[in-house]
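Participant: Structure below; questions to follow.
Each value in this text was obtained by applying a stated rule to the coordinates, not by laboratory testing. Quantities reported herein were computed from a predicted structural model and do not represent experimental measurements. Note that each Cβ is placed from the backbone with ideal geometry, even for glycine, and that neighbours are counted across all protein chains shown.
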Amino acid sequence: MTFPIEAIVFLFLLATALAVTHLRDLFAAAMVFGVFSLLSAGLFTLMDAVDVAFTEAAVGAGISTVLILSTLALTDPREHQQPVRFAPVAVVLLVGAALVYGTLDMPYYGDPTAPIHKHVAPEYIEGAMTDFGIPNIVTNVLASYRGYDTLGETTVVLTATVGVMLLLGGLGGARHRGDAEVVEAAGDEEPTPMDRVQVARVSTTVLAPLIMLFGLYVQFHGDFGPGGGFQAGVIFASALILHGIVFGLSSLKRVVSPRFLEIGLAAGVLIYAGTGVASLFRDGTFLDYAVLDHHSAQHGRHLGILLVEAGVGITVTCAMVLIFFFFAGRRAAKSEEPGDRDRRVA
Amino acid sequence: MVLFIEIASWLLLVGGAGFCIVGAIGLLRMPDLYSRTHAATITDTLGAGMVLVGLALQAGPNLTALKLLMVLAFLLYTSPVSGHALVKAAYSHGIKAELDVPIDPQQVQIPERPARDAPTDSARGKEGADDVSD
Amino acid sequence: MSTFGLWHYWVVIVLMMIGLYTVIARDNLVKKVMGLNLFQVSVIMFYVSMGKVEGGTAPIIPEQASGPVVYSNPLPHVLMLTAIVVGIATTAMALSLVVRIRETYGTTEEDEIRKLDRAEHE
Amino acid sequence: MMFATAIVGILITMALALARALKGPTVFDRILAANMFGTKTILLIAAAGFLTGRPDWTDLALVYALVNFAGTVAVLKYVRFQDMAAGGE
């Protein structure tokens, strides 16, 4: 039934992807990229992947735009003229042809007898109600069946944020001159651009708390509907970033200090891993939540999933806000000292 | 009652979709940024509003309907704000309304448009825009 | 439908080709990162489309189920959901590298960076 | 049937907005079109939920309605900042 809709949205998607590649003005490309992300979230919904669409929506609507734009503010918003090169086109066509040839053996789209649906998925779906009593199967698989994967992914988020911190927070011994001071410097610069837009300020004071409230809802309602730690973290971070954009970094720093975020970033992963260790102490295996409650295995699993999702949410929130801190703080530091040729000055 | 709800949501959905299309045509065909904003923001409120209310009627009185109405409330709140901020940013960037430009034979960019017949009005409109800001 | 049963995958492959071209053929580093993101979305979409079951619904058990319900495969959804968030974190990492390169070389175009490097060697 | 009709209308709107976003002579036209596209995506997702018989996922639409604002504000701030940087240096 959704077949024609999918086809049309796919067409839009390809058009926007081509435009992203083609547009030489990187700012325009960033805008079109936002549209691309909206379209892909729509497609995920049509393909039944509501949780994926939810994440894409939360990430694509706010954070990724902010990220690309703050990079553009630090670099050049225009791309150089460049002719089409034929060797890459040939390579790409070759790869594409090979992949199309590879799909010929694949089961058709939506085929219920495809091998992917035969192995573990039925057990997961079966277990959702009997083992967990949690209607959102994705949450079960995320936090419990595939708990190791998710722990790894959360750690990757932590690691990437630490990488950003090392790259943009300062070089070498720049801990002294690191994030705190860069953000400090931002405080003097920041209030200028936005304070003339009274309306944005007023509406942000109304909307930011609502976004946070909704983030909490997503965090704790993730067992029953689409949502969970990853989405909630991104939504929560968007509220804080919105505040930072409108009222300036120094104001955001008064709300959450970078130091606090750094602690939270690590604490989230620790909560996750700690839940696993706690189950070890209760004679279970790592990340086996059933032993967390003596009386009912189902309650134990509920508790474990709640804790794990909380850890994920905390880490993701702190990671996103910290990334914003470093990118935006870099901009202020740069405009302070325009001679940024010196490699040693952080 | 059921029939009434069916008819009402048909009307709202089709009407809302119609308004969206009209606004999008405006977005595509209007001569300058300010009139395009006019067309676009109207679809965001009226078109989206009608579609959402139509869907909420179909959902019946439950949480889904409430959420749809909340979506509508947020849209009614954010879309004028971003529209205002956008136009203000454009204005401070020196983007002129099409009608603001005094008739200049070299500057006929859009041939299929009918002649701009009221340039004097627009000068007043520009001052008005100054008052509106802030 | 059955004759075109594979078109989802083909569209995704075209998307991937666009992303790949942007990564390997464009000189601008920010553009390369965008291309990498296009590529990433295409992979995510490939997984998600494999998880779809005809006539199925999203893997969330409804409150009042009437009769047996077919669910789409939740496993790809889980893997891709985390991939999106990890993707944005690694994109941030890539972009901060771009920022540092810009600060050091004064440009984000790869060919100019190569030229500068060669000049330094000589 | 009525949902399908609404979706067709929304898709047409999206196509037109997309054309403007790709054409847009100034950045503001693109921002405007992208913004409008965001609203239409909200509608599409909400209506598609009804079409597939699982209407209880308006959370998605809610996310867009809230978070899209952050994106728009960021874009507008970027536009202004560029302006200021050009004036300052």
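Participant: What's the longest bit of chain A with no exposed trypsin sites (Lys or Arg not before Pro), using DSSP loop states and at most 12 other Cβ atoms within 10 Å as the test?
Facilitator: Values: sites that count: A:Lys118, A:Arg175, A:Arg341, A:Arg343, A:Arg344.
The answer is A:176-340.
Participant: Are any of the pairs B:Lys96/D:Lys23; B:Lys67/D:Lys40; C:Lys32/C:Lys52; A:Lys253/D:Lys77; D:Lys23/D:Lys77 more than 27 Å apart by Cα-Cα distance, and if so, which? Kindly include the intermediate steps, with their values, before the conclusion.
Facilitator: Values: B:Lys96/D:Lys23 19 Å; B:Lys67/D:Lys40 17 Å; C:Lys32/C:Lys52 31 Å; A:Lys253/D:Lys77 19 Å; D:Lys23/D:Lys77 23 Å.
Table pairs above 27 Å Cα-Cα are C:Lys32/C:Lys52.
Participant: Additional query: Helix D:59-88: angle to the longest alpha-carbon principal axis of chain D, degrees 0 to 90, nearest 10?
Facilitator: 10 degrees
Participant: What ranking of B:Asp32, D:Asp59 emerges when the number of other C-beta atoms within 10 Å of each C-beta is taken as an exposure proxy, fewest first?
Facilitator: Values: B:Asp32 19, D:Asp59 23.
By the 10 Å Cβ count, ascending, the order reads B:Asp32, D:Asp59.
Participant: Right, something else. By the scheme Lys and Arg +1, Asp and Glu -1, what is the net charge of all other residues having a beta-carbon under 12 Å from that of C:Ile61? Please report the intermediate quantities before stating the final value.
Facilitator: Working: positive: D:Arg54; negative: A:Glu126, A:Asp223, C:Glu63, D:Asp56.
Summing Lys and Arg as +1 and Asp and Glu as -1 gives -3.
Participant: Now, a different point. Helix D:2-23: angle to the longest alpha-carbon principal axis of chain D, degrees 0 to 90, nearest 10?
Facilitator: That helix lies at roughly 20 degrees to the long axis.
Participant: Within 10 Å of each residue's Cβ, count the other Cβ atoms and sort A:Val312, C:Val41, A:Val84 from fewest upward. Write down the numbers at each step before the final one.
Facilitator: On the way: A:Val312 31, C:Val41 28, A:Val84 8.
Fewest-to-most ranking of A:Val312, C:Val41, A:Val84: A:Val84, C:Val41, A:Val312.
Participant: Excluding C:Leu75 itself, what net charge comes from residues whose Cβ is under 15 Å from its Cβ, given Lys and Arg +1 and Asp and Glu -1?
Facilitator: On the way: positive: A:Lys118, A:Arg146, C:Lys52; negative: A:Asp48, A:Asp51, A:Glu123, A:Glu126, A:Asp149, A:Glu153.
Charge balance near C:Leu75 sits at -3.
Participant: How far apart, in nm, are the 7 Å Cα→Cβ label points at A:Val206 and B:Met1?
Facilitator: Reported label-point gap for A:Val206 and B:Met1 is 3.4 nm.
Participant: Could you put A:Phe54, A:Phe286, A:Phe214 in order, starting from the residue whose Cβ has the fewest other Cβ atoms within 10 Å? Working shown, then result.
Facilitator: On the way: A:Phe54 31, A:Phe286 14, A:Phe214 24.
The most exposed by this proxy come first: A:Phe286, A:Phe214, A:Phe54.
Participant: What are the DSSP H helices in chain A that stretch 20 Å or more along their long axis, judged by alpha-carbon atoms, and whose average Kyte-Doolittle hydropathy comes to at least -1.0? Can you show the working numbers first?
Facilitator: Details: long enough: A:3-22 (28 Å, 1.92); A:26-46 (30 Å, 2.12); A:86-103 (25 Å, 2.11); A:147-168 (32 Å, 1.20); A:198-221 (34 Å, 1.14); A:229-247 (27 Å, 1.82); A:258-281 (33 Å, 1.31); A:297-336 (58 Å, 0.83).
Helices meeting the span and hydropathy rule in chain A are A:3-22, A:26-46, A:86-103, A:147-168, A:198-221, A:229-247, A:258-281, A:297-336.
Participant: At 222 nm, what helix-only mean residue ellipticity would chain A give, in deg cm²/dmol to the nearest 500, using -39500 (n - 2.57) for each DSSP H run of four or more?
Facilitator: Numbers: 14 runs with 237 residues, N = 346.
One gets -23000 deg cm²/dmol as the mean residue ellipticity at 222 nm.
Participant: Against the longest principal axis of chain D, how steep is helix D:27-51, in degrees 0 to 90 to the nearest 10, with axes from Cα atoms?
Facilitator: Taking Cα atoms only, the helix is inclined about 20 degrees.
Participant: Over the whole of C:34-46, what's the average partner chain Cβ count within 10 Å per residue? Rounded to a whole number, please. Before the final figure, lay out each step's value.
Facilitator: Working: counts 12, 3, 0, 7, 9, 0, 0, 11, 3, 0, 6, 8, 2.
Averaged over the peptide's residues, the number is 5.
Participant: Using amide H atoms built in the peptide plane, which far-off residues or other-chain residues are under 5 Å from C:Tyr71 H to H?
Facilitator: Amide H to amide H, under 5 Å and 5 or more residues apart or across chains, C:Tyr71 pairs with C:Thr57.
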